[in-house]
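Q: My questions all concern the structure below.
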Amino acid sequence: MSDKTYLDRDDYEEPRCLLCMDANGRDDKPVSRIDAGRMLARLDEYFSHNDYEGAERHLKFWLTEAQFGNDKEGELLIRNEMMGLFRKLSKKDEAYEALNNALSLLDVLSLDGTEIYGTTHLNAATVLKAFGEPEKSIDLFRKAEEAYAKRLDASDTKFAGLYNNMGLTLTDLGRYGEALDCYRKAVKIMSAAENGELDEAITYLNLANLYEARDGLEKAAEEINSALEKAENLLNTPSLDRNGYYAFVCEKCAPTFLYYGWFAFSEELNERAREIYERT
């Protein structure tokens with residue numbers, strides 16, 4: 001799945017700002033909402049150009065705007081985006097700061113059981129996993145799953161992102177049966193989703209890694225090769241848009257193909273990504 005998890009304005013904006021009321025319920029704190037759509041659109045542009053430094057500056061600017069305007073919902077949106085970006089940049093302190101602030105905002109805004117609650121816990125769990133704390137992340141993944149189950153249809157692609165990330169963590173913990181179940185759920189969802197080929201391909205590469213971790217490279221060779229072939233076919237789907245996300249997925253998948261000796265296809269994926277970034 002994509003490293004980015006979006007929170008649209010309709011997802012997080014309440015009819016009344018919970019932070020604008022005093023103990024008697026009177027609105028006495030002015031709130032100036034950030035333009036979430038504009039912020040996310042520009043952030044997409046930075047990611048499509050692989051400009052992570054620009055994305056970081058962009059998010060820090062909008063964080064200041066949200067805090068200045070007392071826009072707690074907007075701040076939660078930005079903190080979620082920051083978790084993903086700082087994880088990608090291996091900036092642990094910044095990622096953990098975003099994580100702690102985001103979880104605190106959930107409590108302040110009384111968002112328990114909402115879709116945002118699930119997304120925030122999913123993002124927090126991936127941060128913990130990325131920085132070597134997979135045991136702590138499992139509880140957060142479960143909270144995300146519970147929140148999604150209350151709000152989303154079982155076929156929603158957000159579940160696939162959740163199961164992919166949970167599968168990675170369970171593999172790290174040696175809980176291979178549970179991880180395999182997660183990946184199978186992700187494949188089922190993405191194989192039925194429109195334009196789901198890229199995320200399905202990532203799942204098959206995750207499965208290849210699981211087979212090796214569980215059985216060893218030699219014993220799992222046949223299953224690994226089968227998973228790689230399925231991922232290759234999905235990445236070569238003619239109808240896929242060769243856009244920034246396609247480039248991102250190519251870069252994400254190339255090292256796995258390289259690791260398993262698919263040298264030519266790995267280089268081809270890197271070349272596809274380079275071509276996309278050069279023309280955008």
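Q: Within the stretch 38-73, count every residue that is open to solvent by 60 Å² or more (accessible area, probe 1.4 Å), of a type outside the set (S, T, Y) and free of Cβ contacts under 8 Å to residues at least 40 places away in the same chain.
A: 10
Q: Might you check whether a residue that is more than 18 Å from the chain's Cα centre (by Cα) and of a type in the set (A, V, I, L, M) occurs anywhere in the stretch 187-203?
A: Yes, because at least one residue in the stretch 187-203 is more than 18 Å from the chain's Cα centre (by Cα) and of a type in the set (A, V, I, L, M).
Q: OK, next. So for the stretch 178-199 (the condition being assigned to a loop (DSSP other than H, G, I, E, B) and touching a Lys or Arg at 6+ places or on another chain (Cβ under 9 Å)), does at least one residue qualify?
A: No, there is no match, as no residue in the stretch 178-199 is assigned to a loop (DSSP other than H, G, I, E, B) and touching a Lys or Arg at 6+ places or on another chain (Cβ under 9 Å).
Q: Just checking, does the stretch 236-245 include any residue being part of a helix (DSSP H, G or I) and at pLDDT below 95?
A: Looking through the stretch 236-245, at least one residue is part of a helix (DSSP H, G or I) and at pLDDT below 95.
Q: List pairs: first residue in the stretch 77-94 and more than 13 Å from L122 (Cα to Cα) and open to solvent by less than 10 Å² (accessible area, probe 1.4 Å), second residue of a type outside the set (F, W, Y) and assigned to a loop (DSSP other than H, G, I, E, B) anywhere in the structure, Cβ distance under 6 angstrom, at least six positions apart or on different chains.
A: L77/L7
Q: On the given criteria, is P255 part of a helix (DSSP H, G or I) and open to solvent by 50 Å² or more (accessible area, probe 1.4 Å)?
A: For P255, the condition - part of a helix (DSSP H, G or I) and open to solvent by 50 Å² or more (accessible area, probe 1.4 Å) - is met.
Q: Right, another one. Restricting to the stretch 95-112, give me the number of residues that are assigned to a loop (DSSP other than H, G, I, E, B) and either closer than 19 Å to E65 by Cα or open to solvent by 10 Å² or more (accessible area, probe 1.4 Å) (or both).
A: The number of residues fulfilling the criteria is 3.
Q: Condition first: outside any helix (DSSP H, G or I) and open to solvent by less than 60 Å² (accessible area, probe 1.4 Å). Now tell me which residues in the stretch 200-228 satisfy that.
A: Residues satisfying the conditions are G216, A220.
Q: May I pose another question? One residue is enough: does the stretch 259-268 have a residue meeting the conditions open to solvent by less than 70 Å² (accessible area, probe 1.4 Å), in a helix (DSSP H, G or I), without any contact (Cβ under 8 Å) to a residue 12 or more places away in the chain and not polar (S, T, N, Q)?
A: No, every residue in the stretch 259-268 fails to be open to solvent by less than 70 Å² (accessible area, probe 1.4 Å), in a helix (DSSP H, G or I), without any contact (Cβ under 8 Å) to a residue 12 or more places away in the chain and not polar (S, T, N, Q).
Q: Pairs only if they're at least six apart or on different chains, beta carbon under 6 angstrom, first in the stretch 132-161 and farther than 12 Å from Y117 by Cα and touching a residue at least 12 places away in the same chain (Cβ under 8 Å), second outside any helix (DSSP H, G or I) and of a type in the set (G, A, S); list them, first residue then second.
A: If the second residue must be outside any helix (DSSP H, G or I) and of a type in the set (G, A, S), the pairs left are T157/A193.
Q: Identify all residues within the stretch 131-186 that are under 17 Å from D199 (Cα atoms), exposed (fewer than 15 other Cβ atoms within 10 Å of the Cβ) and among the basic types (K, R); write none if there are none.
A: Hit for the stretch 131-186 is R184, nothing else.
Q: From A213, A179, grab the single residue that is modelled with pLDDT of 95 or more, farther than 26 Å from I116 by Cα and not charged (D, E, K, R).
A: One residue alone meets the criteria, A213.
The values are calculated or read from the model by the stated rules, or taken from the named source; none is laboratory data. Only a predicted model underlies this, so the values are computations on that prediction, with no experimental measurement involved. Because the Cβ atoms are built from the backbone with ideal geometry, glycine has one as well, and the counts that use them run over all protein chains shown. Ligands, DNA and RNA are excluded from the accessible area calculation, which covers all protein heavy atoms including side chains. Shrake-Rupley method; radii C 1.70, N 1.55, O 1.52, S 1.80 Å.
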